[in-house]
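Structure first, then comments.
Derivation of every value follows stated rules applied to the coordinates shown; laboratory data play no part. Values in this document were obtained by computation on a predicted structure and should not be read as measured data. When we count neighbours, we look across all protein chains shown, and the Cβ atoms used for this are built from the backbone with ideal geometry, even at glycine.
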Amino acid sequence: MTLPPKLARLLEERRAAILLAGGADKLEQRHKKGQLGARERLETLFQQGTYQEFGAHVTHDAHAFGMEGKSLPSDGVVTGTGFVDGQHVAAFSQDFTVCAGTLGKAHANKIVRLMNFALAQGIPLVAFKDSGGARIQEGVDALSGYGEVFYANVLLSGVVPQIAAVLGPCAGGAAYSPALMDFIVMTRRNAQMFITGPEVIKAVIGHETTMDEVGGAEMHAAVSGNVHFLAEDDAHAIAIIRSLLSYLPANNTEDPPHRLDPGLDLSHDDAIDALIPDQANEPLDMPAVIRRIVDDGELLEVHASFARNIIVGLARIGGVVVGIVANQPQVMAGALDINASDKASRFIRFCNAFNIPLVTLVDVPGFLPGVEQERGAIIRHGAKLLFAYASCTVPKITLVLRKAYGGSYLAMCSQEMGADMVFAWPTAEIAVMGADAAVKLLYRREIEQAEDRAEKAAEYAAAYRAEFASPYASAARGYITDVIQPAETRAALRLALRKTLAKRERRPAKKHGNIPL
């Protein structure tokens, strides 16, 4: 049976109107600003020919206040699924050319239906955020729609990866949805994310500020820590998303996409020796060490601009997808503070949720001292890091490169916090505190009575390091697995990861632990 010409024509007319969305003029305006259209974003994300749209003909309640006679193609949001490098992915893209991409009830229903589909199929969700916020004309219906989206975000959390790309405005309550997702990518230009903008802040408290200060991408990446990746434009944001997906499993029941080569290279890497500073007080170049350890020197760093005293990111070691957590001695001497604790804790919990083994590289002098840190609740924030590691059941491999003092030694995944294997370089110092501080406490009287106090202090410090702080002292007590040469690091980590991939760990039955938020 051939479709009657009238019906075929009607279908094509409807499709044309939907594809036109807010009109060619509005789309051209976006192109001039360096932005892609809503459908163009999905076309760029998905492999050609694999996109299938959900709910293209859905639209708003025409009887809503002030909405009579208005056309809102697809109700301002495009939803569907496709393949990204062979992986099935669900995605929605808010369309600013249609009623400023505002969210009404039908708009929200489309998003929630797609999220439920992602949950049922066990596939990642990508959200392109570009919206003027709640559709005021729909009143409480719009608020109800936001609530349903937030609830679905929480249902999906820890089950399928959720990635948000903020490519335009994301204001008020709309900002909570990306905040409930696993990763946020945001473009430097054209994008804003805030609860209250400059005008509201001025009206309520009289303080004058700018959009960059309260809602700009660079502020969120470096100061608030809300944004995980900065992108130059829409195309760059989508490239980051594709790279991120290449490390992630489809859902929490699957393993990440390891690339296990039967011919595992266990050769030594003598070049890593050159990265060890000659003097103990010189900071180690941790990014350079990471590049020597991970496959092809590639690390997808997460939160690169925020809490730079700690490094987190995704990589492969011997083909095994891993989450890297490493102190950065070149920033604040690598000390842990409030922001570093939060940054690392959330990344660790993400890796645990999606079966990604953790490799922790330790060079930490302690928790950052100071009145601001104490009043800012460093105890509570540092406890998050302890909680995150202790509750984590994926393979955990730790390497102590140099300093590991006091509580920060435990907080960086020591054996006592559940590490499956702990290695140390001969340069490692594992102790309650650094040798100089310990000597001042233990041998103050002897040093004060010596003729050459500096020489005597150095003598005591050397003895303290040898007897109490050397990696061999910890190894003798069974606290570390082995002391290895730096050149052996890559091979040791590759073997350890392969041998722990089958790890299964039973925990006490409970609804969930109570992390110190």
Over the Cα atoms of the chain, what is the Rg over Rh ratio if Rh follows Kirkwood? 1.05
Relative packing of peptides 202-214, 237-249, 146-158, 370-382 - highest average C-beta neighbours within 10 Å first: 237-249, 146-158, 370-382, 202-214
Net charge near V185, counting Lys/Arg +1 and Asp/Glu -1 over other residues with Cβ under 14 Å of its Cβ? -2
Segment E28-R188, extension gain: residue separation times 0.36 nm, minus the distance between their alpha carbons: 55.6 nm
Provide the net charge surrounding E208, with neighbours chosen by a C-beta distance below 14 Å and charges set as Lys +1, Arg +1, Asp -1, Glu -1. -2
With the cut-off at 1.5 for a/c, could you classify region 339-394 from its C-alpha gyration tensor as rounded, prolate or oblate? prolate
4 °C / 1.567 mPa s Stokes-Einstein diffusion coefficient of region 12-245, Kirkwood radius on C-alpha pairs, µm²/s: 73
To the nearest 0.05, how large is the calculated FRET efficiency for D278 and R375 if R₀ is 45 Å and r is the Cβ-Cβ distance? 0.70
Can you tell me how much longer the chain between Q121 and T210 gets when fully stretched, taken as 0.36 nm per residue apart minus their C-alpha distance, in nm with one decimal? 27.8 nm
Taking the Cβ of F54 as the centre, find all other residues whose Cβ is under 10 Å away and add up their charges (Lys, Arg: +1; Asp, Glu: -1). +1
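Counting each DSSP H run of 4 or more residues in the chain as -39500 (n - 2.57), what helix-only mean residue ellipticity at 222 nm follows after dividing by all residues, to the nearest 500 deg cm²/dmol?
Value at 222 nm, helices only, nearest 500: -10500 deg cm²/dmol.
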Using 19 Å as the cut-off for backbone N distance, which residues of region 107-151 belong to the label zone defined by a point 7 Å from the Cα of A203 along Cα→Cβ? 132-140, 143
Let me know the shape class of region 305-377, please: from the alpha-carbon gyration tensor, a ≥ b ≥ c as square roots of the eigenvalues, rounded when a/c is under 1.5, otherwise prolate if a/b is greater than b/c, or oblate. prolate
When the Karplus curve 6.51 cos²θ - 1.76 cosθ + 1.60 is applied with θ = phi - 60°, which whole-Hz ³J(HN,Hα) does each residue of region 261-271 get, with x for Gly and Pro? 9, x, x, 5, 7, 10, 5, 6, 10, 5, 5
Could you order peptides 121-134, 285-298, 422-435 by the average number of other Cβ atoms within 10 Å of their residues, highest first? 121-134, 422-435, 285-298
The rounded separation in angstrom of the Cα centers of region 475-517 and region 150-192 is 32
Using Cα pairs closer than 8 Å and at least 6 residues apart in sequence, work out the relative contact order for the chain, in percent. 9
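Can you tell me the length gained on complete extension of the stretch A463 to R291, counting 0.36 nm per residue apart and subtracting the Cα distance?
Details: separation 172, 0.36 × 172 = 61.92 nm, distance 3.44 nm.
Taking 0.36 nm per residue and subtracting the Cα distance, the gain is 58.5 nm.
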What is region 1-113's relative contact order, in percent, from Cα pairs under 8 angstrom and six or more apart in sequence? 27
Cα-Cα over 22 Å: which of K343/K396; K403/K503; K33/K110? K403/K503; K33/K110
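Quick one: work out the % antiparallel among DSSP beta bridges in the chain, nearest 5.
35
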Karplus-derived HN-Hα couplings along region 450-463 (A = 6.51, B = -1.76, C = 1.60, θ = phi - 60°), whole Hz, x at Gly and Pro: 6, 5, 10, 5, 5, 5, 5, 4, 5, 5, 5, 4, 4, 5
